[in-house]
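So that we are looking at the same thing, I have put the structure below in structure tokens.
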Amino acid sequence: MAKITYIEHGGKEHVVEVANGMTVMEGARDNGIPGIEADCGGACACSTCHVYVAPEWVEKLPERDAMEEDMLDFAYEPDPTRSRLTCQLKVSDALDGLVVQMPEKQI
Ligand code: FES
């Protein structure tokens, strides 16, 4: 279980507990948090689950694989260091305290 803070582009924060084994995207979707659309349902085939990870978390997350890198090219204003696709981030105790911020829009 991990407590994850999702921050909307406008600054509104949502703090929710997400079960291990789910993805960060599913945590947002299941809690009705706006700003993560996840059009492809988590198949790493859209980029509408894009977020910016808080700087202190960048190094603590598993590295992006090639597919995530490719899809991030299609995201809105990706940041080379902080952008991630939340459907590719599996929740575990290690992610307790994670903070992510949604972009201005999802494309
Ligand atoms: S939900 Fe489509 S890439 Fe993450």
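The values are calculated or read from the model by the stated rules, or taken from the named source; none is laboratory data. Predicted model, so just to flag it, every value in this text is computed and none were measured. Glycine gets a Cβ as well: all are built from the backbone with ideal geometry, and neighbour counts include every protein chain shown. Each accessible area value is taken on the protein alone, full model and side chains, heavy atoms only, with ligands, DNA and RNA left out. Shrake-Rupley method; radii C 1.70, N 1.55, O 1.52, S 1.80 Å.
Treating the beta-carbon of each Lys and Arg as +1 and of each Asp and Glu as -1, no other charges, what is the dipole magnitude of the chain about its Cα centre, to the nearest 20 debye?
With only Lys, Arg, Asp and Glu charged at Cβ, the dipole is about 220 debye.
Let me see the P(r) profile for region 2-101: every Cα-Cα distance counted, bins of 10 Å, each bin given as a percent of all pairs.
Result, from short to long distances: 17, 56, 27, 0 percent.
Return a whole-number percent for the relative contact order of the chain, with Cα pairs under 8 Å and 6 or more residues apart as the contact set.
Computed value for the chain: 42 percent relative contact order.
Which aspartates and glutamates have a Cα less than 16 Å from the Cα of LYS90, not counting those fewer than 8 places away in the same chain?
Once the sequence-local aspartates and glutamates are set aside, what remains near LYS90 is GLU17, GLU26, ASP30, GLU59, GLU63, ASP65, GLU68.
Then there is this: Can you tell me how much longer the chain between ALA54 and ALA94 gets when fully stretched, taken as 0.36 nm per residue apart minus their C-alpha distance, in nm with one decimal?
12.9 nm
Averaged per residue, what accessible area in Å² does the chain show with a 1.4 Å probe, protein chains only?
Per residue, the chain has an accessible area of 52 Å².
Moving to a separate point now. For VAL99, enumerate residues with amide H under 5 Å from its amide H, sequence gap 5+ or separate chain, H modeled in the peptide plane.
Amide H neighbours of VAL99: THR5, ALA54.
For the pair TYR76/ASN31, report the inter-label distance in nm, with labels modelled 7 Å from Cα in the Cβ direction.
Output for this residue pair reads 2.1 nm.
Roughly speaking, to the nearest percent, how much of region 51-107's 1.4 Å accessible area is carbon and sulfur?
51
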